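Peer 1: Sharing a structure with you now.
Every read-out reported here was derived from the displayed coordinates using simple, explicitly stated rules and does not represent laboratory data. Just so it is clear, the model here is predicted, and its values are computed rather than measured. We place every Cβ from the backbone using ideal geometry, glycine too, and count neighbours over all the protein chains shown.
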Amino acid sequence: MRALVVREVGAPLRVEEIELPAPGPGEVRVGIRAAGVCHSDLSMVNGTLAPSYPLALGHEAAGVVTEVGADVSRVAPGAHVVLNWAPPCRNCWYCGHGEPWLCAGLGSPSTPRGRTAAGDPLHVTLGLGALAEEVVVPENAVIPVPSALPFEAAALLGCAVLTGVGAVRRTATVAPGESVAVIGLGGVGLSVVGAARAAGADPVLAVDVSPAKAGLAIAAGATDFLLADDKLSRAVRERTDGRGVDHAFECVGRGSTIRTAWRSARRGGQVTVVGMGAKDDLVPLSALEIFHSARTLRSSVYGSSDPDRDLPELARAVLDGTLDLAPLITDRTTLDGAAEAFDRMARGEGARTLVLP
């Protein structure tokens, strides 16, 4: 089978032949029908994260179960599923205290699985390696969804939408009438915009360095689009009676944009970091401004969501028409065009590219 593989930090991305093992006990094989190109995959390529190489990329995908190993009870061949890159163990302290997104068994950026055609040990991104024709994963890494759910929508639910919607609903609990700013308008940021609008937030200020994102932001539900420039803080305050927003969401994963989100929030406001950044990218905050601003700064890991609970709920919302994911998809390509999608993402162009058979 074929997969998109990177062999070292900064190396070219190439579609290669790889070999995966047959599903063992508790494992399933899934034929991939749609996969999203996510910024976390780019972090595996550019060295922001530190996986092992060679690495099969991809973690946001949906497909059909084609084979199951012994003792699998969750799904059967033919089931339509979304891949879950953070399956909780259900046994650790965090899982037992209602925080499965912080499961003690999670955290490794890559997992050994299979070999390259040349016989080199292969690793897969976040236990999946989903920019591929097939994956072999533990059964708790798949979530069944209705067969009526389009694969394109199903794929986005597995990362961008669950993360973005969860950040609004679960982490920040945005209430009707509260003001929101969203910094960074990729797939996750646009999901935050849509969820904030659906929660009744007003205004919803969408912020990006690229003017080309304005149309995407408005389509996703933003009331205003603002450029991320040296006039941003003033523009935010002009739209919030001089205070700043109740909620600022950072969806980039950089110290500078976290600082921007911090300055965009009002005194007593909430700053939620959704983007995943580098360990040496620091955020300068003085002890005085932390005290004086009374703001809350926190992260939202996987939208503070329980995928087994929340993803089927989102699938139902797509099917009943209350959740529109069309504004998130700006490009479609095949596996052979996936490397170009990474280039577009690195340049900040578009939202989500979907890789289709």
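Peer 1: Could you run the Karplus curve 6.51 cos²θ - 1.76 cosθ + 1.60 with θ = phi - 60° over the range 124-129 and give me ³J(HN,Hα) per residue in whole Hz, x for Gly and Pro?
Peer 2: 10, 5, 6, x, 10, x
Peer 1: Go ahead and run the numbers for FRET between ARG7 and ALA346, Cβ-Cβ distance against an R0 of 22 Å, rounding to 0.05.
Peer 2: 0.75
Peer 1: For the chain, what does the relative contact order come out to in percent, with C-alpha contacts under 8 Å and a separation of six or more?
Peer 2: So the answer I get is 18 percent.
Peer 1: Also: Evaluate the charge dipole of the range 159-297 about its Cα centre and quote only its size in Debye, nearest 20, assuming +1 on the Cβ of each Lys and Arg and -1 on the Cβ of each Asp and Glu.
Peer 2: Its charge dipole is roughly 160 debye.
Peer 1: Mind checking the dipole of the chain: about its Cα centre, +1 per Lys or Arg Cβ, -1 per Asp or Glu Cβ, Debye to the nearest 20?
Peer 2: For this selection, approximately 920 debye.
Peer 1: I would also like to ask the following. Quick check on the chain: of the DSSP beta bridges with both residues there, what percent are antiparallel, nearest 5%?
Peer 2: Bridges in the chain are about 55 percent antiparallel.
Peer 1: Something else about it: Taking a ≥ b ≥ c as the square roots of the Cα gyration tensor eigenvalues, with a/c under 1.5 meaning rounded and otherwise prolate when a/b beats b/c, else oblate, which class fits the range 1-138?
Peer 2: Oblate shape, in that a/c is at least 1.5 and b/c is the bigger or equal ratio.
Peer 1: Sorted by mean Cβ packing within 10 Å, highest first, what order do the peptides 274-286, 27-39, 116-128, 159-171 take?
Peer 2: 159-171, 27-39, 116-128, 274-286
Peer 1: Roughly how many debye, to the nearest 20, is the charge dipole of the range 26-145 about its Cα centre, given +1 on each Lys and Arg Cβ, -1 on each Asp and Glu Cβ, and no other charges?
Peer 2: Roughly 60 debye for the range 26-145.
Peer 1: FRET efficiency for ARG115 and ARG309, Cβ-Cβ distance as r, R0 = 41 Å, nearest 0.05?
Peer 2: Result of the calculation: an efficiency of 0.70.
Peer 1: Taking Cα pairs under 8 Å and at least six residues apart, what relative contact order does the range 114-260 come out at, in percent?
Peer 2: 20
Peer 1: Pull up all non-local amide H partners of CYS89: gap of 5 or more, or a different chain, and H-to-H distance under 5 Å with H placed in the peptide plane.
Peer 2: Those lying under 5 Å, H to H, from CYS89 are GLY105.
Peer 1: If you fit an axis through the alpha-carbon atoms of helix 307-319 and take the longest principal axis of the Cα set of the chain, what angle between them do you get, 0 to 90°, nearest 10?
Peer 2: Between the helix axis and the principal axis of the chain, the angle is about 80 degrees.
Peer 1: How many nm separate the modelled label positions at ALA278 and ARG237, each set 7 Å beyond the Cα in the direction of the Cβ?
Peer 2: Placing both labels 7 Å beyond Cα along the Cβ direction yields 3.2 nm.
Peer 1: May I pose another question? If I build a Gaussian network model for the chain, linking alpha-carbon pairs within less than 10 angstrom, which residue out of SER179, SER293, SER191 has the largest mean-square fluctuation?
Peer 2: SER293
Peer 1: Once a ≥ b ≥ c are taken as the square roots of the eigenvalues of the Cα gyration tensor of the range 21-63, is the result rounded (a/c under 1.5), prolate (a/b larger than b/c) or oblate (a/b not larger than b/c)?
Peer 2: Since a/c reaches 1.5 but b/c is at least a/b, the shape of the range 21-63 is classed as oblate.
Peer 1: According to the square roots a ≥ b ≥ c of the eigenvalues of the Cα gyration tensor, what is the shape class of the range 286-357, taking rounded for a/c under 1.5, prolate for a/b larger than b/c otherwise, and oblate for the remainder?
Peer 2: oblate
Peer 1: Something else: Taking the Cα centroid of the range 307-342 and of the range 34-86, what is the distance between the two, rounded to the nearest whole Å?
Peer 2: 14
Peer 1: Using a Förster distance of 41 angstrom, determine the FRET efficiency expected from the C-beta separation of ARG14 and SER256, and round it to 0.05.
Peer 2: 0.80
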